[in-house]
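Participant: Structure in structure tokens, see below.
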Amino acid sequence: MTGLRVAAVGDVHLGEDMRGRYREHLAGIEERADVLLLAGDLTRHGTLEEGRVVADEFRDLPIPVVAVLGNHDYHSDKPAEIAALLRDAGIMVLHDDSVVLDIDGVRLGVVGGKGFGGGFAGKCASEFGEPEIKAFVNHTKRIADRWRRALKELDVDRRIVLSHYSPVNDTLEGEPLEIYPFLGSYLLAEAVDAEGADLIIHGHAHKGTEKGMTSGGIRVRNVALPVLNRAYAVYCRDGDGESC
Amino acid sequence: MGEAPQYVAARVQQALAEDERTTELGIRVDVRGEQLFLRGQVSCEERRTLIADVAEEAAPGLAIRNELTVSDVRVPEGEEKL
């Protein structure tokens, strides 16, 4: 099995005023990576106009592009329409499901979706009290369950989980503690740890930290653009007995 | 008694998040006396100006100190081996 090079970025927050500016940084991406993952918050406030800018910036790249949406992409209540615009541009959009890519004979499974919040073990909300709180926590639980099932069903060589919200608090370091419950949930990490994965990619936490890991030892990378401060990061996973 | 500066800052922060022109969640807003400080990173010069405009509308009468920086998207370099 050969190595796998994964490019990733999130929180590009594109609008009409950024048209064409991101695309210029993607030239030659096929020399550096085998697949590009987009970790949500692709738009500023989820309008179709912004969705079209995103579709144009990432269309027809020489490597496959897999995306999830983020909370900003939901703001105008048009997530399905934005996802359709991206799919029309050849971008695969995950919504708590999976896609399998064949990359030079390596079967790569990508599982994911937006994810959601709730907080981290010992400091989190639970399904208790008012219906609004129950709905909040239940939304995350349902997402985590769907990821777990999707991972269980995958029969592939490599597995990556792509999320917008964070599954761990390691990668939130730098954000105010008070907002951690709105930045992610340990339920997402728990689901992935149960089924196993090679890497988890997320965005959302602009002031966070790039590198972290789950309780089960799975590497987590926060690829929010303000964290990376570069057009995308590249993570390379060695093949068996072969470096990448 | 005038409005506490913390409430003014919170109102501006909320305006920056909810105003359709900005929808920026990560801007730090501080009020000190008659001055309102804006700090954080934005993607382009136009947004930097727009954010200051929205902040001024939400807190008229304060002097806006626009300390936002425009983040430069750099060319990717290197890779991390996992």
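Participant: On average, how many beta carbons from a partner chain sit within 10 Å of the beta carbon of a residue in B:13-26?
Facilitator: Working: counts 0, 0, 0, 0, 0, 2, 1, 5, 2, 2, 10, 3, 7, 7.
If you average over the peptide's residues, the count of other-chain Cβ atoms is 3.
Participant: Among the lysines, select those whose C-alpha is under 18 Å from the C-alpha of A:K114, and discard any that sit fewer than 8 residues away in the same chain.
Facilitator: Partners found: A:K78, A:K141.
Participant: A:S98's amide H: which non-local residues (gap 5+, or another chain) put their own amide H closer than 5 Å, with H modeled 1.01 Å from N in plane and none for Pro or chain starts?
Facilitator: Answer set, sorted by chain and number: none.
Participant: Short version: ³J(HN,Hα) in whole Hz for each residue of the range A:140-154, in order, from phi by Karplus 6.51 cos²θ - 1.76 cosθ + 1.60 (θ = phi - 60°), x for Gly and Pro, what are they?
Facilitator: Each residue's phi maps through the Karplus curve to give 5, 4, 5, 4, 4, 4, 5, 5, 4, 5, 5, 5, 4, 7, 6 Hz.
Participant: About the Cα centre, and with charges only on the beta carbon of Lys, Arg (+1) and Asp, Glu (-1), how big is the dipole of chain B? Nearest 20 debye, please. Write out the running numbers ahead of the final one.
Facilitator: Working: 10 positive and 17 negative charges, 52 e Å.
For this selection, approximately 240 debye.
Participant: Within 10 Å of each Cβ in A:189-198, how many Cβ atoms from other chains are there, averaged over the peptide? The partial results should precede the final answer.
Facilitator: Working: counts 0, 0, 0, 0, 0, 0, 0, 0, 0, 1.
Mean number of neighbouring Cβ atoms from other chains: 0.
Participant: Rounded to the nearest 5, what % of the DSSP beta bridges within chain B are antiparallel ones? Provide the component values of the computation, followed by the final result.
Facilitator: Details: 5 of 13 bridges.
Around 40 percent antiparallel, to the nearest 5.
Participant: Would you order A:S166, A:S76, B:S71 from fewest to most other beta-carbon atoms within 10 Å of each residue's own beta-carbon?
Facilitator: On the way: A:S166 30, A:S76 20, B:S71 15.
Neighbour counts put them in this order, fewest first: B:S71, A:S76, A:S166.
Participant: While we're on this one: With equal scatterers on the alpha carbons only and no solvent term, can you work out the Debye log10 of I(q)/I(0) for chain A at 0.08 1/Å?
Facilitator: Summing over Cα pairs of chain A leads to -0.27.
Participant: Out of residues 5 or more away from A:T209 or on other chains, whose amide H comes under 5 Å of its own, with H placed 1.01 Å from N in the peptide plane?
Facilitator: Amide H neighbours of A:T209, under 5 Å, 5+ apart: A:L172, A:E173.
Participant: Give, rounded to the nearest 20 debye, the magnitude of the charge dipole that the protein assembly as shown has about its Cα centre when Lys and Arg contribute +1 at Cβ and Asp and Glu contribute -1 at Cβ. Mind showing how you got there, number by number?
Facilitator: On the way: 38 positive and 57 negative charges, 101 e Å.
Rounded to the nearest 20 debye, it is 480 debye.
Participant: Amide H of A:L154: which non-local residues (sequence gap of 5 or more, or other chain) have their own amide H closer than 5 Å, using H built in the peptide plane?
Facilitator: Long-range HN contacts for A:L154: none found.
Participant: I want the antiparallel fraction of DSSP beta bridges within the protein assembly as shown, as a percent rounded to 5. Intermediate values should be presented prior to the final figure.
Facilitator: Numbers: 23 of 61 bridges.
Antiparallel bridges: around 40 percent, rounded to the nearest 5.
Participant: Let me ask another. Give me a comma-separated list of calculated 3J(HN,Hα) values for the range A:122-127, in order, Karplus coefficients 6.51, -1.76, 1.60 applied at θ = phi - 60°, integers in Hz, x for any Gly or Pro.
Facilitator: For the range A:122-127, the Karplus curve yields x, 9, 9, 7, 10, 6 Hz.
Participant: Using the Karplus equation 6.51 cos²θ - 1.76 cosθ + 1.60 (θ = phi - 60°), what ³J(HN,Hα) coupling, rounded to whole Hz, does each residue of the range B:62-70 give in order, writing x for Gly and Pro?
Facilitator: Calculated HN-Hα couplings, in order: 8, 7, 7, 9, 8, 9, 5, 10, 8 Hz.
Participant: Quick one: of the DSSP bridges fully inside the range A:50-129, what percent are antiparallel, nearest 5?
Facilitator: Details: 9 of 11 bridges.
Looking only at bridges with both residues in the range A:50-129, the antiparallel portion is about 80 percent.
Participant: Something else about it: Would you tell me the mean number of C-beta atoms belonging to other protein chains that fall within 10 Å of each C-beta in B:68-81, as a whole number? If you can, show how the numbers build up before the last one.
Facilitator: Working: counts 0, 0, 0, 4, 2, 13, 5, 7, 14, 5, 5, 10, 10, 9.
Averaged over the peptide's residues, the number is 6.
Values in this text are rule-based calculations from the coordinates and carry no lab data. Only a predicted model underlies this, so the values are computations on that prediction, with no experimental measurement involved. All Cβ positions, even for glycine, are placed from backbone atoms using ideal geometry, and neighbour counts span all protein chains on display.
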